[in-house]
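Inspection log for the structure reproduced underneath, given as C-alpha cells.
The values are calculated or read from the model by the stated rules, or taken from the named source; none is laboratory data. Just so we're clear, the structure is a prediction, and the values are computed from it rather than from any experiment. We place every Cβ from the backbone using ideal geometry, glycine too, and count neighbours over all the protein chains shown.
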Amino acid sequence: MKKQKLILVMLFGMTLAVNAQNNSNNKSFGGIKGGYSLSSVQFDGNAETAQRHSFHVGVYGESFISNSFSVQPELLYSQQGYVITNSSGTFTQKLNYINLPLMLKAYPSRNFFLEVGPQIGLAVSHREEFNSGFSLFDTNQEFEPNNFDWGVNFGAGFKTDSGISLGVRYHLGKGDIYEEGKAQNRVLQFSLGFDL
C-alpha cells in the first residue's frame, strides 16, 4: 500500500510539472546528466557498509513554477550496492536501478539551488562477488534483492546561465533491499548536467 501511494504521489507531481511547463511564462529546460556515485547500505539502522564506487546517467526536465522555484523530474540509470570486507575476504553487492526522482528546486540566488524530493527505483540487475584473495574460494552466490526501492533525496548545486549544472545529492533509501535485515540504500551522487 505504501508503494502504491508513493507511485501516485510521484505521478501527481509529474503531472504538476507538465502543467507548470504548459501554463507558465517562465522557462523550462530538458537535459542530460551523469556523474560519480558512492553507494552503501545501512543494515538494521546500524553503521553503513563500505562504499561501492560507480556512476549514474540519465535525462531530466526542469520547469520553473516561479522565479525562484522549479520542479525537476528525472529518469536515471544508477549503479548502486555496497562492499563488506572482513578477514575472510571482500563481498561486493552490485545493484543497478532505473530511478525516477522528482525534485523541488529552490533558487535562493540566480545560480545556486537547493533541492529535495522523493524517488522510486526499479532494480534491473544485480551481481554478487566474493573475493577471498585465493581464487579457489571465490564465489558468485546470489542474494535476491527486492525489485522496488523508494526514498528521499536532498541536494544542492550551481547552474550557470548557459545551462551547465554541478550538483551533489544524497539519497536516503527507505525501502528494504532484502526481505530480512532491514537493508536500505544510501547514495551520494556528484553530477554534471547540460540543458539541451
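Given (1) part of a strand (DSSP E or B); (2) farther than 21 Å from Gln184 by Cβ; (3) not small (Gly, Ala, Ser), identify the lone condition not met by Phe91.
Unmet condition: (2).
Kindly indicate the residue of region 9-64 that is among the charged types (D, E, K, R) and modelled with pLDDT under 90 and also surrounded by the fewest Cβ atoms within 10 Å (Cβ to Cβ) among those meeting that condition.
Across region 9-64, the extreme among qualifying residues is Asp44.
Given the criteria more than 27 Å from Gly45 (Cβ to Cβ) and exposed (fewer than 12 other Cβ atoms within 10 Å of the Cβ), does Ser132 qualify?
No; evaluated as a whole, the condition is false for this residue.
Pairs needed: first member in region 127-151, at pLDDT 70 or above and assigned to a loop (DSSP other than H, G, I, E, B); second member anywhere, among the charged types (D, E, K, R) and exposed (fewer than 15 other Cβ atoms within 10 Å of the Cβ); C-beta distance under 9 Å; at least 6 residues apart or different chains.
Ser132/Asp138; Glu144/Glu179; Asn146/Glu179
If we keep just the residues of region 74-88 that are under 12 Å from the mean Cα position of the chain (by Cα) and either surrounded by fewer than 18 Cβ atoms within 10 Å (Cβ to Cβ) or touching a residue at least 60 places away in the same chain (Cβ under 8 Å) (or both), which is nearest to Met103 (Cα to Cα)?
This residue is Leu75.
Among the listed residues Asn46, Asn67, which satisfies the condition of being under 24 Å from Gly193 (Cβ atoms) and out of contact with any Ser or Thr (no Cβ under 8 Å at 6 or more places or on another chain)?
Asn67
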